[in-house]
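Trainee: Next up is a structure, given as structure tokens.
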Amino acid sequence: MAEGRYLPEHQHNPDLRRWDGFAMHFKHPEFSAPELEALQRELYRQDFLQLGPSLVRLMRIWLQGYKNLRNSPKPLLRARAERQRQEVMAGLPGIYPAMMVGPTPQSRAQARRLFHEICLEMGGLPLRERLKGWATLPLAAWTWLSGKPFRVLAEDLSRNARDLLTGMFPRLASKEEFSTSAATQPLTIDPEN
């Protein structure tokens, strides 16, 4: 704020719904906020296409950490290994969509290799864990079929919540911030009214 780089529209009423790391709230000396947001989206898209889902990469690191530390003579490191094993098992359902609908054939193959490596290291998977994994596929299919990034879906949900609120509390509908359906309009409620 002291440097004067915070965008004027966010200084007194920041839109916290867009406080997601992708929306610009600061001035840049070379780019406008929409240009930077578009550039960042494209960079993340390229990262995703070339490297695959970040969950797969993170789980590979956790699995390697587990393998490196599980036989340590130090109790603290063995406890860390156990925590990493638990993280791998908790993230395992996310591997199923990566194996089936990852962005490229290479990323799908990497996810399958990691899945098989995890199964070997953990001594197979109980039926319950396999069912959790298969249950993620309909959710992944819905997201894929919708063709909308999560942020757009969240904005749609936010707009629907605003519409529901105005239906439940008609006095709010007269307020200017509820009279627009633009997703970028901040949702504020005056507790005095």
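Trainee: Please specify each residue of region 72-112 satisfying the condition of being in a loop (DSSP other than H, G, I, E, B), surrounded by fewer than 19 Cβ atoms within 10 Å (Cβ to Cβ) and in contact (Cβ under 8 Å) with a residue 24 or more places away in the chain.
Mentor: Pro103, Thr104
Trainee: Filter region 48-70 down to the residues that are within 21 Å of the chain's Cα centre (by Cα) and not in a helix (DSSP H, G or I) and list them by number.
Mentor: Matches in region 48-70: Gly52, Pro53.
Taken together, the values in this text are just the output of simple stated rules run on the coordinates, not laboratory data. Quick caveat: nothing in here was measured; it's all calculated off a predicted structure. Note: ideal-geometry Cβ built from the backbone for every residue, glycine included; neighbour counts use all protein chains shown.
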